[in-house]
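Here is the structure we will look at, set down as structure tokens.
The values are calculated or read from the model by the stated rules, or taken from the named source; none is laboratory data. None of these values were measured; they are calculated from a predicted model. All Cβ positions, glycine included, derive from the backbone under ideal geometry; neighbour counts span all protein chains shown.
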Amino acid sequence: MSKLDWSLDAYDYELPPQCIAQNPVTPRDHSRLLVIDSPETHQHCIFRTLPEFLKSGDLLVLNNTRVIPARMYGEKSTGAKVEILLLEEKHPNTWLALVKPGKRFHIGSEIIFPAIIPSPLPDLQKLVATVIDTDAETGGRLLHFALPDHISLIQVLEYFGQIPFPPYVTDSQADPAQYQTVYANPAGSVAAPTAGLHFTPELLNTLQAKGIEQAVVTLHVGLGTFRPLEVTDVTTHQMHSEWLEVSQATVEKIQETKAKGGRVIAVGTTTVRALEGVANITRKNSLDCHEDQAKLLQPFCGYTDLFIYPGYQWQVVDGLITNFHLPKSSLLMLVSALIGRERLLNLYKEAIAQEYRFYSFGDAMLILPEARIN
């Protein structure tokens, strides 16, 4: 640890534009995999070889959230064009959203969204949303959508919205289904948990056959995951909270894995935030803070604003599968907390030299427990 580990500028690096993946690899598990297997060594592999690096008795924990068609295009009554990105449902059919151009949208403003594909409901060929409040933290607007009482926006969103690819994906021929994991289930994210995009049903079956168990959490990816840091001292950054659920079944699998000497491998930084976020909540609510955190872990449904950066004391996660992340991002800091900032940036330099593909549609990294710094 050094003071540099808490400086935003220390997480910067140069990435050639051609390294930003615009399309996913097909099949999904043919992406490259950088395996960090000890404090000093690493290997260049292919993702489908993942079972070779895990052991019977290990537990993979996956984030099963589904990306919603959160990007919507509409217009004001004046005809002015509007683009919004839904972030989170605050109340029934009332959503926090980023609005462009936002400054012109005051409380009471209305936006009309025409259906982009015909709705099966004859009376629902357009949506009307009204600005009912502003949000100082995000700069967004609280929008209430006028819908019949028995219909939620999520139920009809596919007729009005589009899956929002990240802003750095500017020239993609990817199908929206390729921006969903094969195990996606509950809808609610505005961005994919991208480490999970590399898995195929066949690879999951192979892992299961080897005795590598699987469990799921749900964390709906929102502003907390991709919001840029605006402070020079990263310790002063406040994460935007995100909704998560860790079930009783997942808690029991984690506890059984730890009790038998297995390792908990998180698939993606959002899974890390879910598991470690719940562990921190459990610890705060516990009378005995010295007991094993995995034993104390409790099912939880609610919000986390946990920010992980170097110096963090890990409680549940032993290893990590993750993609390559943007400079100066909270995700880069989370991974640095696992293997160290300097080593991570050196690995990124090598990955660039080896022409790895970066970001959401890019390649992956496996950090084995043997490579952790604490």
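Data overview
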| read-out | value |
| --- | --- |
| So VAL99, is it of a type in the set (A, V, I, L, M), outside any loop (DSSP other than H, G, I, E, B) and in contact with a helix residue (DSSP H, G or I) (Cβ under 8 Å, 6 or more places away or on another chain) | no |
| Subset of region 67-84 [touching a residue at least 40 places away in the same chain (Cβ under 8 Å) and surrounded by fewer than 19 Cβ atoms within 10 Å (Cβ to Cβ)] | ARG71, TYR73 |
| Subset of region 15-66 (residues that are free of Cβ contacts under 8 Å to residues at least 24 places away in the same chain, closer than 23 Å to GLU355 by Cα and charged (D, E, K, R)) | GLU40 |
| Scan of region 323-371 for residues that are of a type in the set (Val, Ile, Thr) and surrounded by fewer than 23 Cβ atoms within 10 Å (Cβ to Cβ), ordered by number | ILE339, ILE352 |
| Filter result for the condition that a residue is part of a loop (DSSP other than H, G, I, E, B) and either surrounded by 19 or more Cβ atoms within 10 Å (Cβ to Cβ) or modelled with pLDDT of 95 or more (or both), over PRO120, PRO164, PRO148 | PRO164 |
| Strands (runs of 3 or more DSSP E) enclosed by region 1-80 - at least 1 residues per element that are under 28 Å from ILE254 (Cβ atoms) | 32-36, 42-46, 59-63 |
| Breaking point among (1) of a type in the set (D, E, K, R); (2) surrounded by fewer than 18 Cβ atoms within 10 Å (Cβ to Cβ); (3) on the phi < 0 side of the Ramachandran plot, for ASP318 | (2) |
| Residues within region 93-111 that are under 30 Å from the mean Cα position of the chain (by Cα) and either surrounded by 12 or more Cβ atoms within 10 Å (Cβ to Cβ) or outside the structural domain of VAL156 (by TED's automatic domain parsing) (or both), tallied | 11 |
| Meets criteria (over 24 Å from ASN64 (Cβ atoms) and without any contact (Cβ under 8 Å) to a residue 60 or more places away in the chain) for PRO118 | yes |
| Residue list for region 299-337, restricted to those being more than 19 Å from PHE226 (Cα to Cα), among the hydrophobic types (A, V, I, L, M, F, W, C) and not in a loop (DSSP other than H, G, I, E, B) | PHE300, CYS301 |
